[in-house]
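Data block below; observations after.
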Amino acid sequence: MFKVNPADKISGEIRVPGDKSISHRSLILSSIAEGESKIEGLLEAEDCLSTMGIMRDLGVEITKEQKGKYTVQGKGLNGLEEAGNVLDCGNSGTSMRLLAGLLASQDFYSVLTGDHSLRKRPMQRIIGPLSEMGAKIWSRRDGLAPLSIKGQQLEGMQYELPVASAQLKSSILLAALKTEAETVIIEPAVSRDHTERMLKGAGIDLEILEDRIILKQAEKRSLKPFEIKVPGDISSAAFFIAAGLLAAEGELLIKNVGINQTRSGFLEVVEAMNGKIELLNKRDQGGEPTADILVKPSNLEGTEVSGEVIPRLIDEIPIISVLAVFAEGKTVIKDAEELRVKETDRIKAVVNEFRRLGIEIGENEDGMEIKGPQQVEGGIEVESYHDHRIAMSLAVMALNSKEGIAINGSEIIATSFPNFKELLAEVIG
Ligand code: S3P
């Protein structure tokens, strides 16, 4: 049980942990690079530790030098070894989907499994295209994990993604690395592009056009080892940005946050809501745009969140709904049906727990409608639904309630943000 009390003032200077998406990719790509890579600022949270454990099970030597600092002895695209047991992705959809792509082209047998939430999430979306490339993947009924993969020589292909999913495009890209022919992936909307950036950085010939990614034909590909400093995760920073905006007083500086355009839709929404944020010290860090974010208390206004921005803020929608409760006017969130297949059905979770708190909220198949500002009494217990982002969103809600809120199942926060509670205590002071 995690009891969060109301707080008027949010202030200080903090750093949030490393970006989760970039951390996963750093571990996977360094493992298949030719030689030694160095990673700094790696997110040491359960999801990324699942990926790290699996890469080690596949024979990769990964050494921890200090907190967040690792050396990886890459084995090349043909050097991974069959694991002696099933590979456990825990709660991490990114691990399962990216690794399924990688393992589909490896010359051995693998089984990927995960926790009860991950075993309910749709894997047919990767099994379909990977099978088109020649992969042999078996699943439970309806494409549910565990997945059993017999690695094969795959073929390149042209594929139009049915959903704007970075996990799906990354899975296909990883599978395609060992093919000879060209692979073309057509995206319905832009989603996070960390895989493309990192593959290019490692010397892979990728062409990025407005609506498609082309992995150029090559007789044989190899990845150069790399050194990377992982920027802070904007998806984690979002909870603190929201806390700072909703506070009555104080000023919060969040240092070293990744602001890649394909991830920063949340900042655009905050600006549309009249939120006072400033991006300071903008710079490039390891191929990713990075900045310090200054947040001040703001009188927020409702807005519409829909269309192409959705994939660029998909993980931030629960916290945007919290902002909407305290904003003047109506906020409408549309085109976000993907929320139904995240770590939990995030539309259902937000609607249920907001209603339990006495908040009026409308539910649609693809989103939510909230008219603010609303008073939140609190003084009750709410549920995390085994979803880290639901738990952290409710914690920010609690700061702005009258009586505080107790969150059940908050240990799930450790999947992405192990020191969330400590940092929250720090900014409340
Ligand atoms: C991620 C992609 C997104 C996001 C997830 C991380 C990634 O999922 O929700 O938290 O690292 O590629 P989808 O690809 O399913 O949209």
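Can you work out the PRE-style zone for K276? Point 7 Å along Cα to Cβ, and I want the residues of region 214-249 with backbone N under 15 Å. Backbone N within reach: 242-249. Return the whole-Å distance between the Cα centroid of region 119-189 and the Cα centroid of region 47-113. Here the answer is 17 Å between Cα centres.
Remark: region 20-219 carries 38 Å² of accessible area per residue (probe radius 1.4 Å; ligands, DNA and RNA excluded). Remark: spin-label model distance E65-S131 equals 4.5 nm, labels positioned 7 Å along the Cα→Cβ axis.
Placing unit charges on the Cβ atoms only, positive for Lys and Arg and negative for Asp and Glu, gives the chain a dipole magnitude near 660 debye about its Cα centre.
All Cα-Cα separations within the chain were binned at 20 Å from zero, giving a P(r) of 27, 57, 15, 0, each value a whole percent of the pairs.
Of the solvent-accessible surface of region 20-219, computed with a 1.4 Å probe over protein heavy atoms with every protein chain present, carbon and sulfur atoms account for 43 percent. I need the Debye-formula profile for region 1-136: one equal scatterer per C-alpha, no solvent, reported as log10 I(q)/I(0) at q = 0.16, 0.17, 0.22 1/Å, two decimals. Ignoring solvent entirely, the Cα scatterers give -0.85, -0.93, -1.39. For region 361-429, the share of accessible area belonging to carbon and sulfur comes to 48 percent (1.4 Å probe, ligands and nucleic acids excluded).
Between E13 and L206, full extension at 0.36 nm per residue minus the direct alpha carbon distance yields a gain of 65.6 nm. Taking label points 7 Å from Cα along the Cα-to-Cβ direction, V341 and E227 give a separation of 4.1 nm.
The Cα atoms of region 20-219 give a gyration tensor whose axes a ≥ b ≥ c have a/c under 1.5, which makes the shape rounded. Name the residue farthest towards the positive end of the dipole of the chain from the options L177, G307, V269, assuming +1 on Cβ of Lys and Arg, -1 on Cβ of Asp and Glu, about the Cα centre. Comparing the listed Cα positions along the dipole, L177 ranks first. A simple charge model with +1 on the Cβ of Lys and Arg, -1 on the Cβ of Asp and Glu and nothing else charged puts the dipole of region 20-219 at about 640 debye relative to its Cα centre.
The values are calculated or read from the model by the stated rules, or taken from the named source; none is laboratory data. Since we're looking at a predicted model, the values are computed, not measured. Neighbour counts are summed over all protein chains in view; Cβ atoms, including those assigned to glycine, are modelled from backbone coordinates with ideal geometry. Note: areas computed on protein heavy atoms with side chains; ligands, DNA, RNA excluded. Shrake-Rupley method; radii C 1.70, N 1.55, O 1.52, S 1.80 Å.
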